[in-house]
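The values are calculated or read from the model by the stated rules, or taken from the named source; none is laboratory data. It should be emphasised that the depicted structure is a prediction, and the values quoted were computed from it without experimental measurement. Positions of Cβ are backbone-derived with ideal geometry, glycine not excepted, and every protein chain shown enters the neighbour counts.
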Amino acid sequence: MTPFEKCPVCGGELVRKEVEKLLRGGKHMAAVKVEAEVCLRCGERLYSQQVVERFERIKAKLQREEISDLRSTGLAFEIR
């Protein structure tokens, strides 16, 4: 159950969806699939407290370069 009945940004309808979130920590990046409430009007994503805490743990691991237990899925490039 979400604490919001409608989107807090625009008042649109919220639906539960699986989304992909890109997290950065230092020079590393990870793609994480999680459940979120997504606004059908503006696209705003609302994450549970547990998901936000998971994001923080992953970002800290990336920052500390503790990546040995993560699965590589390719390379990332910076375009200038």
For this session: Determine whether segment 69-77 contains at least one residue that is of a type outside the set (A, V, I, L, M, F, W, C) and in contact with a Leu (Cβ under 9 Å, 6 or more places away or on another chain).
Result: no
Exercise. Quick one: what pairs do we get from segment 44-65, first residue modelled with pLDDT of 95 or more, second in a helix (DSSP H, G or I) and not hydroxyl-bearing (Ser, Thr, Tyr), C-beta under 8 Å, 6+ apart or different chains?
Worked result: Tyr47/Phe55
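Out of segment 27-59, which residues are of a type outside the set (Val, Ile, Thr), assigned to a helix (DSSP H, G or I) and surrounded by fewer than 13 Cβ atoms within 10 Å (Cβ to Cβ)? Spell out the reasoning first.
Here is the first cut: in segment 27-59, the ones of a type outside the set (Val, Ile, Thr) are 27-31, 33, 35-37, 39-50, 53-57, 59.
Narrowing further to those that are assigned to a helix (DSSP H, G or I): 49-50, 53-57, 59.
Within segment 27-59, Gln49, Gln50, Glu53, Glu56, Arg57 qualify.
Here is a check on your reading of the model: is Leu14 in contact with a Phe, Trp or Tyr (Cβ under 7 Å, 6 or more places away or on another chain), of a type in the set (A, V, I, L, M, F, W, C), at pLDDT 95 or above and surrounded by 10 or more Cβ atoms within 10 Å (Cβ to Cβ)? Give the steps one after another, and end with the answer.
Values: in contact with a Phe, Trp or Tyr (Cβ under 7 Å, 6 or more places away or on another chain): yes; of a type in the set (A, V, I, L, M, F, W, C): yes; at pLDDT 95 or above: yes; surrounded by 10 or more Cβ atoms within 10 Å (Cβ to Cβ): yes.
Judged against the criteria, Leu14 is a match.
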Seminar exercise, completed: Counted residues in segment 1-41 being touching a residue at least 24 places away in the same chain (Cβ under 8 Å) and basic (Lys, Arg) come to 3
